[in-house]
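The values are calculated or read from the model by the stated rules, or taken from the named source; none is laboratory data. It should be emphasised that the depicted structure is a prediction, and the values quoted were computed from it without experimental measurement. We place every Cβ from the backbone using ideal geometry, glycine too, and count neighbours over all the protein chains shown.
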Amino acid sequence: MKITLAQPSDLPKLLAFREEAAAWLRTLGTDQWSRPYPADRLLATIEAGTVYMIRDAEVTAGTITLTTEAEDGLWTAEELAEPALFINKLTVARTYAGHDIGGRILDWAADRAYGAGAAYLRLDAWTTNRGLQNYYLRHSFRHVRTVTEGGAINGGPRVSGWLAQRVTRPTTHGFTDETPALKSVLPAG
């Protein structure tokens with residue numbers, strides 16, 4: 001399998017992945033990703049070069065977004081001063097479920113973050129999806145805290161405020177990486 005940067009032509013596939021994942025999550029009793037993701041926002045991340053596709057020959061097996069941008073209001077100023085990369089929208093096609101493709105993608109992201117000088121790979125996960133939280137804990141993430149305020153329009157709980165991080169390190173993930181190296185996240189000087 002290889003990892004490539006997503007192209008604008010991948011937008012329909014990525015939107016379909018999101019719908020497939022939302023349908024599967026509903027069977028598990030969670031409302032995660034139940035609202036459609038705005039296509040224009042997804043296209044902007046593709047054009048920014050932060051969306052990666054995991055391809056098995058011509059079939060897309062998974063995707064992940066890897067960025068230097070943290071979501072507002074989640075991480076402290078001290079944490080944001082530490083070199084880190086953030087993952088979003090990790091999705092594996094249901095036909096590839098059960099083969100730890102997601103774990104290998106997380107290893108690839110940790111290796112890539114390490115290569116860019118990041119100390120941590122960070123994420124925010126759905127606050128009520130215990131299965132997802134446990135998944136990340138099994139893949140070397142450590143729970144930092146859960147942010148529950150200020151996320152919903154009506155003042156209710158934040159839906160994606162379970163924060164976790166993983167120390168970056170070189171890993172063996174088994175993918176052929178066909179993407180350009182990331183710029184260093186370390187401060188200049």
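Assorted remarks:
- Residues that are more than 26 Å from Thr176 (Cβ to Cβ), touching a helix residue (DSSP H, G or I) at 6+ places or on another chain (Cβ under 7 Å) and of a type outside the set (D, E, K, R) number at least 1 in the following strands (runs of 3 or more DSSP E) confined to region 29-141: 120-125.
- Checking region 93-108 against the condition returns a match, with at least one residue being touching a strand residue (DSSP E or B) at 6+ places or on another chain (Cβ under 9 Å), more than 22 Å from Thr172 (Cβ to Cβ) and modelled with pLDDT under 90.
- Residue in region 42-76 that is nearest to Arg166 (Cα to Cα), counting only those that are surrounded by fewer than 15 Cβ atoms within 10 Å (Cβ to Cβ) and among the hydrophobic types (A, V, I, L, M, F, W, C): Ala48
- Hey, Arg138 charged (D, E, K, R) and in contact with a Gly (Cβ under 9 Å, 6 or more places away or on another chain) or not: yes
- Members of region 117-135 found to be under 23 Å from Ala81 (Cα atoms) and at pLDDT 90 or above, listed by number: Gly117, Ala118, Ala119, Tyr120, Leu121, Arg122, Leu123, Asp124
- When region 1-22 is filtered for residues that are of a type in the set (S, T, N, Q) and in a helix (DSSP H, G or I), only Ser9 remains.
- Filtered residues of region 102-122 (kept if among the hydrophobic types (A, V, I, L, M, F, W, C) and buried (at least 20 other Cβ atoms within 10 Å of the Cβ)): Ile105, Leu106, Trp108, Ala109, Ala110, Ala113, Ala118, Leu121
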